[in-house]
Amino acid sequence: MKISVILAHPKSGSFNHALAARIVKTLQQPGHEVFFHDLYAEQFAPVLPEQELAKGSSLPPEIKRYCDEILASDGIVIIHPNWWGQPPAILKGWVDRVLKQGIVYEFRQGVGVGMLKARAIVINTSNTPEKDELEMYGDPLETLWKRCIFGLCGVKHVVRRNLTSVIMSSGEQRKAWLDEVEKLARSEFPASS
Ligand SMILES: Cc1cc2nc3c(=O)[nH]c(=O)nc-3n(C[C@H](O)[C@H](O)[C@H](O)COP(=O)(O)O)c2cc1C
């Protein structure tokens, strides 16, 4: 399988990086082809410029490559911290520039049609307890990824895990979370598919 792994966290030694490293290693073991992007390390430029706004506009080669990879992917894994109930701006910009109308979704007679064939995993880290995130804020990342973004792009199967509270967690808890995401990656993207 071809699998895109997209990481958005500015600090190279972060827990998010540890999660991404474990997932990439897990996916590479059975021979999946992994397209790994650490958006901060790559200095991804998140601002959608006017020239790319129109449907069918020509894209810079680096953006075209991201689009080609995501279209070819059987699996997508997104890893990012919860920042104000949203992804870090660099990842929002990746969504704006890569998940483009005419490439990953289309409107036909006013109805959105998704072109992605992938299934997806979204891993978030946060500090707010899960119950508070849901009751106080409505867990906006759940709606954003499952409905607003992947829903429109045709990704019907999305498993999201919100790991919280990172700030209160012990080393043992973080180790258990790493084992958990490894198991999740293995079960969603098994060797034989
Ligand atoms: C700009 C910013 C905004 C944040 N907003 C939230 C938030 O809305 N909810 C929350 O639970 N944690 C929030 N956090 C905490 C991060 O989610 C937390 O530091 C991160 O998930 C921990 O993962 P790490 O150890 O890999 O950095 C925020 C952190 C930053 C820097």
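The values are calculated or read from the model by the stated rules, or taken from the named source; none is laboratory data. The model shown is predicted, which means the values in this text are computed figures rather than measured ones. With ideal geometry, Cβ positions are generated from the backbone for all residues, glycine too; neighbour counts draw on all protein chains shown. Remember, those area values only see protein heavy atoms, side chains included, never the ligands or the DNA or RNA. Shrake-Rupley method; radii C 1.70, N 1.55, O 1.52, S 1.80 Å.
Summarising the label geometry, the points placed 7 Å from Cα in the beta-carbon direction at Glu180 and Glu62 lie 3.5 nm from one another. The overall shape of region 18-90, judged from the alpha-carbon gyration tensor, is oblate: a/c is not under 1.5, and a/b is no greater than b/c. With the whole protein complex present, Met1 retains an accessible surface near 50 Å², based on a 1.4 Å probe. Does region 122-186 classify as rounded, prolate or oblate by the C-alpha gyration tensor (a ≥ b ≥ c root eigenvalues; a/c under 1.5 gives rounded; else a/b over b/c gives prolate, otherwise oblate)? Since a/c reaches 1.5 but b/c is at least a/b, the shape of region 122-186 is classed as oblate. Secondary-structure-derived ellipticity at 222 nm for the chain, considering helices only, amounts to -10500 deg cm²/dmol, per-run term -39500 (n - 2.57) for DSSP H runs with n ≥ 4.
Largest accessible area first, the listed residues Thr143, Thr164 line up as Thr143, Thr164 when surface is computed with a 1.4 Å probe on the assembled protein chains.
Taking the protein heavy atoms of the chain in the context of the full set of protein chains, the accessible area attributed to carbon and sulfur is 54 percent at 1.4 Å. Counting only Cβ charges, +1 for Lys and Arg and -1 for Asp and Glu, the dipole size of the chain around its Cα centre is about 360 debye.
In the full protein context, the chain carries 52 Å² of accessible surface per residue, based on a 1.4 Å probe and ignoring ligands, DNA and RNA. The label point for Met115 and the one for Ser187, both projected 7 Å from the Cα toward the Cβ, are 3.4 nm apart.
Is the C-alpha gyration tensor of the chain telling us rounded, prolate or oblate? Criteria: a/c under 1.5 is rounded; beyond that, a/b larger than b/c is prolate, otherwise oblate. Judged from the Cα gyration tensor, the chain comes out prolate (a/c at least 1.5, a/b above b/c).
Each label point was placed 7 Å from the Cα along the Cα-to-Cβ direction; for Gln101 and Leu71 their separation is 1.8 nm.
For Gln173 and Glu50, a Förster radius of 35 Å and the Cβ-Cβ distance give a FRET efficiency of 0.15, rounded to the nearest 0.05.
A Förster radius of 30 Å combined with the Cβ-Cβ distance from Ser14 to His157 puts the calculated FRET efficiency at roughly 0.65.
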